[in-house]
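Student: Structure in structure tokens, see below.
The values are calculated or read from the model by the stated rules, or taken from the named source; none is laboratory data. Model, not experiment: these values are computed from the prediction. Neighbour counts are summed over all protein chains in view; Cβ atoms, including those assigned to glycine, are modelled from backbone coordinates with ideal geometry. The protein model used for the area step is the full one, side chains on, heavy atoms only, and it has no ligands, DNA or RNA in it. Shrake-Rupley method; radii C 1.70, N 1.55, O 1.52, S 1.80 Å.
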Amino acid sequence: STFINDVKINNILYLTSGSGGFENQGFTNLNGNVSFNGTSGIFNCYKEAAFDNLVTISNNLNVTGIATLGSGASGQADLQYQGVSKFKTQSWGGFVYGSLVATGDLKVNAYNTGGSLKIGQGNEFTINHDTTNTSITENVGNININASTVSISTNFSVGGISTFSNTVHIPEDVFLRF
């Protein structure tokens, strides 16, 4: 079916394979359940589509433009892979189930001042930036750096006891003051 003007459907819209689909060039408001099954049940809306009830899609969902998910009463969107939740929105942000892989930068609070990266159920390890200084905090054990060389390119200050388990090399033109 093809419609030129606005369409409002107050009951069920059910598209199956071979049904030809639904196309509307105006605004679409669907108050009933919507079900898409098969490979050729096509839904095209060129302006805006509002779904006030359950939408079931049994095949791929392709969106061109902006899609808003979870703007209903719960405000929650649940993205799944093979029936298992992988990302779920919450009132405070989003929850990732499994690993998050970034092919670029991973920014924390990049558009506000300051931010923290907290690791562990009880925030055992934290990297915090307060717009001026950055701090690394470990609340449970030690911070171990295991590398062939550790370089610090600016001033280095130790507040506490330093323990060396091997030879300390000091260049000839450097003096230690006690």
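Student: Of all residues in region 140-149, which are open to solvent by 100 Å² or more (accessible area, probe 1.4 Å) and closer than 20 Å to I127 by Cβ?
Tutor: V140, N142, N144, I145, N146
Student: Further question: Where the second residue is of a type in the set (D, E) and open to solvent by 100 Å² or more (accessible area, probe 1.4 Å) and the first is closer than 17 Å to N142 by Cβ and lies in region 152-169, which pairs have Cβ atoms under 9 Å and are six or more apart or on separate chains?
Tutor: Qualifying pairs under 9 Å: none.
Student: If the requirement is being in a strand (DSSP E or B), over 30 Å from V158 (Cα atoms) and either more than 16 Å from the chain's Cα centre (by Cα) or modelled with pLDDT of 85 or more (or both), which of these qualifies: G98, G94? Full working, then the answer.
Tutor: Numbers: G98 fails: in a strand (DSSP E or B).
Being in a strand (DSSP E or B), over 30 Å from V158 (Cα atoms) and either more than 16 Å from the chain's Cα centre (by Cα) or modelled with pLDDT of 85 or more (or both) holds for just one of G98, G94, which is G94.
Student: With the requirement that a residue be more than 16 Å from V108 (Cβ to Cβ) and either touching a residue at least 24 places away in the same chain (Cβ under 8 Å) or touching a strand residue (DSSP E or B) at 6+ places or on another chain (Cβ under 8 Å) (or both), what does region 125-139 give you? Explain how you work it out, then say what you get.
Tutor: Keep residues of region 125-139 that are more than 16 Å from V108 (Cβ to Cβ), which gives 132, 138-139.
Listed by number, the residues that qualify are E138, N139.
Student: Please work out which one of (1) surrounded by 10 or more Cβ atoms within 10 Å (Cβ to Cβ); (2) modelled with pLDDT of 85 or more; (3) not aliphatic (A, V, I, L, M) is the condition D130 fails and give its number.
Tutor: Failing condition for D130: (2).
Student: Something else about it: Name the residues in region 101-121 that are in a loop (DSSP other than H, G, I, E, B), among the hydrophobic types (A, V, I, L, M, F, W, C) and touching a strand residue (DSSP E or B) at 6+ places or on another chain (Cβ under 6 Å), would you?
Tutor: Here is the first cut: in region 101-121, the residues in a loop (DSSP other than H, G, I, E, B) are 101-114, 120-121.
The next check asks that each one be among the hydrophobic types (A, V, I, L, M, F, W, C); those that pass are 101-102, 106, 108, 110.
The answer is V108, and nothing else.
Student: Please go through region 150-178 and give me each residue that is open to solvent by less than 100 Å² (accessible area, probe 1.4 Å) and not small (G, A, S), ordered by number.
Tutor: V150, I152, V158, T167, V168, I170, P171, V174, listed by residue number.
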